[in-house]
Amino acid sequence: MNSIRSQLLIWLIPSFIIIAFLAGTTLYFSEKRRLNDSLDNELNKLARAVQLANKMPMPPRRFGGVMRESSNIAENTERLLNDGDFVFYLQAWDETGATLSKSENLGEHQFSYLKEPHQQRHYNSQLTSGEDIRMHSFTMRTGPISDKITVSVAITKTEVNQQLAILTYKLIIGGVFFCFLLSFVLVFTIRKTLTPIQYLSEKVAEVEAGTLHNRLDIEGVPTEINPLISRLNQLLARLEKSFERERQFNNDLAHELRTPLAAIRTTSEVAMKWPEQSSVDDYRYIAESSAQLQNTIDSILSLARIENSGSEILIERVNVSTIIEECIALQSTLVKERGIIIALSLNEQHVIESNPHLLRIIISNLISNAVEYAPKNSEVVLTGKERHSLFTTTNLAPNLGKSDLSTMFDRLWRKDSSRTGTNHVGLGLSIAHSAATAISLKLTVELDDKQMLIMSLTDE
């Protein structure tokens, strides 16, 4: 029931059935009203005929005429209409409710006497035989000085009921056929419409690590699906880029680990083969290579721990200026060796809610990067006093280009053409970037026209 096809069918088919039912009901009652209006017109004509037949002047008795009496209302009306095909029922009452006249076809049946017939001019009723009739009641006088008479006339609804029954049968048959036909068309249309989605799912299922360079074709695809395909193509592009970075990382990592390992192995084998020729420098070289290897492994483990920290990060109140001062103190030896001038601008009251451990890792790596790669005897500006810009480092970077900015946070990336002769393994900025993401901060980098590299840690 979670498929689009099932949900569309579940919603649309009952909707079509309800619409068909409402349309059929509207048509039925509209036709019923039309037929009742037709009966009412016939009743109005009959009422006028009753009044006309019982107000006509009678010929003098000496010419053979018969004087009109109230008891002859039904006969007078039948004589006026003189239509054997037109069947009507009639009953008249005086002011006391006594029956004055009644048509012969009523037999023993009696109409209900209405004292005030104007309140219900046309209405449905039924004879005791079960025959449905349409009635009309009114009052009249047979002469200028005669009493008021109440008359009810009625005509049968048998033909109308038959027409409504036939209409109901046709509406039911037509509605069922319409619903089945519409359901078939709906199923076919949905299947045809969802074909691009099926095609899309098959293409996505074919995506593998080696086919990430392929893109989904949007030609002939419905406009509504184009944004989805565009997003998938963008996702494939990001995945391709991520896989490429991963492959490059694996290659760089193998290089970083192989170099010190090869040095350790070579020096150790030489020392074992010619121990009398070994010197302190050989063991120092093994120690330095081991330290470089340990540094690389520790950095990779730190990066993995930060990226997998998730909900384990604890947040507390942290004074940013205090952490900056601590991190500067850790780099004091390197600062003196390279003759770096630190220009510091802090806000002593700058307190935020964050994780002090990760924040210390970020700031320490940013300061270390600025001090290490700034030209000797140059100035490094450290700022930590803005509300949204938590910390900023600014240093001269003459060897960097704007094209390098997009890869500075990649793992194991270094601008150095050679990867030897340094204690840095190219993971400091990657660790800082991952730590910033983990505590919902943003680390940005830019290079101005004066070749000043600006790294900023800000709130996202």
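A few notes on this one:
- Given R0 = 51 Å, the distance between the Cβ atoms of ILE454 and GLU206 translates into a calculated FRET efficiency of 0.70.
- Karplus-derived HN-Hα couplings along segment 232-244 (A = 6.51, B = -1.76, C = 1.60, θ = phi - 60°), whole Hz, x at Gly and Pro: 5, 5, 5, 5, 4, 5, 5, 5, 4, 5, 5, 5, 5
- Packing-based order for 339-352, 266-279, using average beta carbon neighbours within 10 Å, highest first: 339-352, 266-279
- Debye-sum result for segment 313-459 in log10 I(q)/I(0), which assumes one identical scatterer on each alpha carbon, at q = 0.11, 0.19 Å⁻¹: -0.39, -1.21
- Segment LYS336-THR407, length gained on full extension (0.36 nm per residue, minus Cα span): 22.6 nm
- Using a Förster distance of 51 Å, the FRET efficiency for ALA98-ILE18 (Cβ separation, nearest 0.05): 0.40
- Of the accessible area of segment 313-459, computed with a 1.4 Å probe over protein heavy atoms only, carbon and sulfur atoms account for 49 percent.
- Taking the protein heavy atoms of segment 105-189 in the context of the full set of protein chains, the accessible area attributed to carbon and sulfur is 61 percent at 1.4 Å.
- Links that overshoot a 22 Å alpha carbon limit, given the list LYS376/LYS442; LYS402/LYS442; LYS336/LYS376: LYS376/LYS442
- Averaged per residue, segment 313-459 has 49 square angstrom of accessible surface, using a 1.4 angstrom probe with ligands and nucleic acids left out.
- Distant-in-sequence amide H partners of LEU100 (H built 1.01 Å from N, under 5 Å): ALA92, TRP93, ASP94
The values are calculated or read from the model by the stated rules, or taken from the named source; none is laboratory data. Bear in mind that the values here come from a model prediction, so they are computed numbers and not experimental data. Please note: Cβ atoms are built from the backbone with ideal geometry, for glycine as well, and neighbour counts cover all protein chains shown. Surface accessibility is based on the protein's heavy atoms, side chains included, excluding ligands, DNA and RNA. Shrake-Rupley method; radii C 1.70, N 1.55, O 1.52, S 1.80 Å.
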